[in-house]
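Colleague: Pasting a structure below so you can have a look.
The values are calculated or read from the model by the stated rules, or taken from the named source; none is laboratory data. As the structure is a computational prediction, the values presented were derived from the model and not from experiment. All Cβ positions, even for glycine, are placed from backbone atoms using ideal geometry, and neighbour counts span all protein chains on display. In case anyone asks, the SASA skips ligands and DNA or RNA and just uses the protein heavy atoms, side chains included. Shrake-Rupley method; radii C 1.70, N 1.55, O 1.52, S 1.80 Å.
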Amino acid sequence: MKTIVICSGGLDSVSLAHKVAAEHELIGLLSFDYGQRHRKELDFAAACATRLGVPHQVIDIRPIGAHLTGSALTDDVDVPDGHYAEETMKATVVPNRNAIMLAIAFGLAAAQKADAVAVAVHGGDHFIYPDCRPGFIHAFQTMQNHALEGYANVALYAPYVTISKADIVSDGASHATPFEETWSCYKGGVKHCGRCGTCVERREAFHLAGVADPTDYEDPDFWVAATSAFAAEEVK
């Protein structure tokens, strides 16, 4: 299966890239610059492509991202600290981001005669992000089947959509993913902050998976209190 992986440079998508390289035919990584404050993640995506010996394309959609206002990832809004289950984490939603990125990715996949587009959405995303849920994945595939009918057959490959981030860590470890060469923190500082939702989730995932976490955090212990107070419930 000739596959293009949408790779942000984060733990999930880099793990997925290594999985696809091991189990399918990885033909390239695709990243998006939408004006995210943690744009440094794209450097980690580029490094992943170099490591796996495939092309890396970065699509500049900053003019679009500038109009998707209200998100802490793109606007002058503080990135909240805490667990993903907290209501405040909805401030990190970028409206329709995955739908926009996937539509572009499917166009590229069809043009490049790829069989699949792989995306690393997972079960832990369901609480906050509606465009990471199984219903969205299935509906998007149906829409693309119509959009490309008679021209191309491109599958949406989302192997993590019903599993936890801890499961992704385990899967990534099985494919020798260099976790230290991934970036998760939404704040985009010199080091992972250890306090934002994605840092807390990352730290917790390594703990639950029983895998050593090589990440250097500004606050390496904050996750303990954050995860003891909240537990995300999966939204189907």
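Colleague: Take the residues of the stretch 99-154 that are within 15 Å of the chain's Cα centre (by Cα) and within 14 Å of residue 59 (Cβ to Cβ): which is most open to solvent (accessible area, probe 1.4 Å)?
Modeller: Looking at the filtered set, the residue picked out is 100.
Colleague: Being in contact with a helix residue (DSSP H, G or I) (Cβ under 6 Å, 6 or more places away or on another chain) and in a strand (DSSP E or B) is the filter here, so list the residues in the stretch 40-57 that pass it.
Modeller: Selection gives 56 alone.
Colleague: Now for a different question. Among what's in the stretch 18-35 and is open to solvent by less than 20 Å² (accessible area, probe 1.4 Å) and free of Cβ contacts under 8 Å to residues at least 40 places away in the same chain, pick the residue that is farthest from residue 175 (Cα to Cα).
Modeller: 33
Colleague: How many residues are more than 16 Å from residue 15 (Cα to Cα), among the hydroxyl-bearing types (Ser, Thr, Tyr) and at pLDDT 95 or above when one looks only at the stretch 152-196?
Modeller: Summing the residues that are more than 16 Å from residue 15 (Cα to Cα), among the hydroxyl-bearing types (Ser, Thr, Tyr) and at pLDDT 95 or above in the stretch 152-196 gives 0.
Colleague: Restricting to the stretch 186-208, and then to whatever is touching a Gly at 6+ places or on another chain (Cβ under 8 Å) and part of a loop (DSSP other than H, G, I, E, B), can you tell me which residue is most open to solvent (accessible area, probe 1.4 Å)?
Modeller: The extreme case among them is 195.
Colleague: A further question follows. Scan (1) farther than 21 Å from residue 6 by Cβ; (2) crowded, with 22+ Cβ neighbours inside 10 Å; (3) not aromatic (Phe, Trp, Tyr) for the single condition residue 172 breaks and write down its number.
Modeller: Of (1) farther than 21 Å from residue 6 by Cβ; (2) crowded, with 22+ Cβ neighbours inside 10 Å; (3) not aromatic (Phe, Trp, Tyr), only one is false for residue 172: (1).
Colleague: Out of all the residues in the stretch 94-138, which are among the aromatic types (Phe, Trp, Tyr) and in contact with an Asp or Glu (Cβ under 7 Å, 6 or more places away or on another chain)?
Modeller: Here is the first cut: in the stretch 94-138, the ones among the aromatic types (Phe, Trp, Tyr) are 106, 127, 129, 136.
The answer is 127, and nothing else.
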